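Undergrad: Can you read through this structure? Questions will come right after.
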Amino acid sequence: MKTILLALSVSLLFWSCDTKPTVVYPTDDNGQVGEQALIVDSTLVLTGDLPVYFDSTDYLLFPIGEIRVSSRAGSKLYLGSGGSGDFSFSSGYLSGSSYTGSLSKIMIQHLDSSNFRPITEQHLKIRSFQFLESIRKKTGQQLVVMTVTDRDTNNDGKLTNDDIESLYLSHLSGQNFKKLTFELQELLDWKILIVNKRLYFRTLEDIDKNGEFDKKDKIHHFLIDLTDPDFKVVEYNSLG
């Protein structure tokens, strides 16, 4: 038991080094937080990255994100999340089967079509997506996992890394696009085990409702059988 508690403490210590999301809870009697209109930043412009293709799949993915335009000494500067310095027209970067950045949407295109459509109509900030290549080789499924900000949890009018991070799963086609994490639970980590074709992930629940995630809060463990067409989320307790 001491070993387990030590492992959990170390995990939370490393997690605490990152940006900590915050939550604003309702203060009125009906238990609802008023919808905060998202602020439009006039220094940001949308840009589309070059298409991403994963081997033996049927779709191209076109990452769409925002870059910041500012001026200095009479010149315009373009800076996206996919580069450094004064000029970057990229909203992220691809490494193997993983794309990391700050995306407003992902447009998809079937290889036999010239039409584009979004992988979802929801208003999201996609932090990363990863194609599950090991699952494709094992089952033929074309699945993608996304880490996402889908709610302005700190009520500041923006979707940023200061808001809760959620986990999503979808087919490359956009079919069965599904949120896996529960509302107001912060994603800690996730992994795929090819041996049983399952996705495992952990979340942190702000059980004391102080608006912050810390070591006093509760860790939840979940799994999904990736062969289940409904992507049913099952909570489990490995601590006994």
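Conditions tested, residue by residue: (1) out of contact with any strand residue (DSSP E or B) (no Cβ under 9 Å at 6 or more places or on another chain); (2) at pLDDT below 85; (3) closer than 23 Å to Lys137 by Cα.
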{"residue": "Thr47", "(1), (2), (3)": "no, yes, no"}
{"residue": "Asp58", "(1), (2), (3)": "no, no, yes"}
{"residue": "Pro63", "(1), (2), (3)": "no, no, no"}
{"residue": "Ala73", "(1), (2), (3)": "yes, yes, no"}
{"residue": "Phe89", "(1), (2), (3)": "no, yes, no"}
{"residue": "Ser98", "(1), (2), (3)": "no, no, yes"}
{"residue": "Gly101", "(1), (2), (3)": "no, no, no"}
{"residue": "Ile108", "(1), (2), (3)": "no, no, yes"}
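Undergrad: Determine the pairs where a residue that is surrounded by fewer than 11 Cβ atoms within 10 Å (Cβ to Cβ), located within the range 102-122, has a partner that is part of a strand (DSSP E or B) and at pLDDT 95 or above with Cβ atoms under 9 Å apart, the partner being 6 or more residues away or on another chain.
TA: Leu111/Tyr53; Leu111/Tyr59; Leu111/Leu60; Asn115/Gln109
Undergrad: Scan the range 185-229 for residues that are touching a Lys or Arg at 6+ places or on another chain (Cβ under 7 Å), surrounded by fewer than 16 Cβ atoms within 10 Å (Cβ to Cβ), assigned to a loop (DSSP other than H, G, I, E, B) and at pLDDT 95 or above and report the count.
TA: The qualifying residues number 2.
Undergrad: Enumerate the pairs (first residue in the range 213-231 and within 14 Å of Asn196 (Cβ to Cβ); second residue anywhere and part of a loop (DSSP other than H, G, I, E, B)) with beta-carbon separation below 7 Å, excluding pairs fewer than 6 apart on the same chain, so at least 6 apart or on different chains.
TA: Ile224/Leu180; Ile224/Phe231; Ile224/Lys232; Asp225/Lys197; Leu226/Gln141; Leu226/Lys197; Thr227/Lys197
Undergrad: When Phe129 is evaluated against the numbered criteria (1) touching an Asp or Glu at 6+ places or on another chain (Cβ under 8 Å); (2) surrounded by 20 or more Cβ atoms within 10 Å (Cβ to Cβ); (3) modelled with pLDDT of 95 or more, which criterion, by number, is the only one it fails?
TA: (1)
Undergrad: With the structure loaded, tell me whether Phe182 is modelled with pLDDT of 95 or more, in a loop (DSSP other than H, G, I, E, B) and under 14 Å from the mean Cα position of the chain (by Cα) or whether it fails that test.
TA: For Phe182, the condition - modelled with pLDDT of 95 or more, in a loop (DSSP other than H, G, I, E, B) and under 14 Å from the mean Cα position of the chain (by Cα) - is met.
Undergrad: To continue, here is another question. Among the residues of the range 128-154, how many are assigned to a loop (DSSP other than H, G, I, E, B), touching a residue at least 40 places away in the same chain (Cβ under 8 Å) and closer than 17 Å to Ser102 by Cα? Break it down stepwise before answering.
TA: Filtering the range 128-154 for residues assigned to a loop (DSSP other than H, G, I, E, B) gives 132, 140-142, 150-154.
When the remaining residues are screened for being touching a residue at least 40 places away in the same chain (Cβ under 8 Å), the result is 132, 141-142, 152-154.
Remaining after also requiring closer than 17 Å to Ser102 by Cα: 152.
The qualifying residues number 1.
The values are calculated or read from the model by the stated rules, or taken from the named source; none is laboratory data. In this text the structure is predicted, and so the values were computed from the model without any measurement. FYI the Cβ positions are ideal-geometry reconstructions off the backbone, even for glycines, and counts take in every protein chain you see.
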